[in-house]
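The values are calculated or read from the model by the stated rules, or taken from the named source; none is laboratory data. Keep in mind it's a predicted model, so treat the numbers as computed, not measured. Backbone-built Cβ (ideal geometry, glycine too); neighbour counts: all protein chains shown. These accessible areas exclude ligands, DNA and RNA; they are computed on the full protein's heavy atoms, side chains included. Shrake-Rupley method; radii C 1.70, N 1.55, O 1.52, S 1.80 Å.
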Amino acid sequence: MNRRILRVVSAAITLAPVINLAWSSIRIVGMTSAVPNTVVSRPLKTAPDFELQTLAGRVVRLSDFRGQALVLNFWATWCTPCRVETRWLSDFSARYKDKGLEVVGISLDDGNPQVVADFAREMKVNYLVLLGNQQVGDAYGGTRFLPQTFFITPEGKISATSVGIKTKDDFENSIRQLLKSEHQ
Amino acid sequence: MNVLITAAAIAVMELAACACTPFALLESVGAQQQPSAVQVKRESPFACDTKALTAQQRKRHFEELGPTLRSLRRSVRELADGYEFEFPADEKTFQLVTEWAIQERLCCPFFDINVRLECEGGPLWLRLTGREGTKDFIKAKGTDWIKQ
């Protein structure tokens, strides 16, 4: 009996450093690839529903977009990379609307909504802008970094997420993937 | 029996080390200390960290410091990996530039920020550089900053 226990303990001693090294390696790989790109979600998670107001005061829910491919972009007026994406999003909204794409921007500004309205007018935003809040940001993982985009299937599943700004081509590729998955 | 107890004790210590190692690594990365055993490369996304500045600091940074510094800027030098901005080297401007820099590095941690006072009473230079993509980020984000 004692010999059996001794064998088990010996095996644990032998394997412990291997497990330790393997676990550390996993963590290191995770950290070195910390530049978030577009991350494809597998398995697909359901996008948390929300209820937010438009700049005109109309209440909109995520579930209102069921049946449409959706690009959900978290941004703020003070976030300069978000400004760059805003121009891209207007372009994508115009070009892909007839292919079934809906673009929605959720502003996480913490000040006067008029600032968001002025910004949207100045930037000629042609897609729906909603006034976000901390709760919605938290529901989508905290949205610590802006811009942050969720690519949502017509079934309301998050097919991919993107944190930070990459290139317009990268963004457009993600949209194409989303629309492609819609037809699969 | 003694051998058994010793072996069990070693196993427990090693398993404890297994459990602690990742957290120790994370802690050293989070604190931006030099990891002792493993070199961990950290790269922030080209994005704004919403937790870096308070609403008041953001207002100061984007609505006061940024526009003021842009109005004080004398020239812009394009570099291979970023840009360099020339300012008058008076004390007030130096304070504004360093206040802006200390906030900018929190919000956009991927920047290398260099504030330099040139010799012989020369100008003050603010250099923003970084890894590949940083220059494009400045171009995209700061057209007001880089236009001559």
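Across the stretch A:42-82, the qualifying residues are those that are out of contact with any helix residue (DSSP H, G or I) (no Cβ under 7 Å at 6 or more places or on another chain) and among the charged types (D, E, K, R), and the one among them that is surrounded by the fewest Cβ atoms within 10 Å (Cβ to Cβ) is A:Arg42.
Checking the condition closer than 23 Å to A:Ala56 by Cβ, open to solvent by less than 30 Å² (accessible area, probe 1.4 Å) and under 15 Å from the mean Cα position of the chain (by Cα), which residue from A:Gly105, A:Gly142 passes?
A:Gly105
Restricting attention to the stretch A:145-184, which residues are outside any helix (DSSP H, G or I), among the polar types (S, T, N, Q) and open to solvent by 50 Å² or more (accessible area, probe 1.4 Å)? A:Thr167, A:Gln184 - these are the residues of the stretch A:145-184 that are outside any helix (DSSP H, G or I), among the polar types (S, T, N, Q) and open to solvent by 50 Å² or more (accessible area, probe 1.4 Å). Among residues of the stretch B:49-67 that are over 13 Å from A:Gly111 (Cβ atoms) and outside any loop (DSSP other than H, G, I, E, B), those with a Cβ under 8 angstrom from a residue that is open to solvent by 20 Å² or more (accessible area, probe 1.4 Å) and among the aromatic types (Phe, Trp, Tyr), sequence gap 6+ or separate chain, pair up as B:Asp49/A:Phe145. Regarding the stretch B:76-88, can at least one residue be identified that is assigned to a helix (DSSP H, G or I), at pLDDT 95 or above, on the phi < 0 side of the Ramachandran plot and more than 17 Å from the chain's Cα centre (by Cα)? No; the residues of the stretch B:76-88 include none that is assigned to a helix (DSSP H, G or I), at pLDDT 95 or above, on the phi < 0 side of the Ramachandran plot and more than 17 Å from the chain's Cα centre (by Cα).
Scanning the stretch A:119-171 for residues that are over 23 Å from A:Glu51 (Cβ atoms) and within 14 Å of chain B (Cβ to nearest Cβ) yields a count of 13. Give me a count of the residues in the stretch B:93-148 that are part of a helix (DSSP H, G or I), open to solvent by less than 50 Å² (accessible area, probe 1.4 Å) and either over 18 Å from B:Arg73 (Cβ atoms) or without any contact (Cβ under 8 Å) to a residue 12 or more places away in the chain (or both). The qualifying residues number 5.
Go through the stretch A:44-95 and tell me which strands (runs of 3 or more DSSP E), entirely inside it, have 1 or more residues that are within 14 Å of chain B (Cβ to nearest Cβ).
Those strands (runs of 3 or more DSSP E) span A:69-75.
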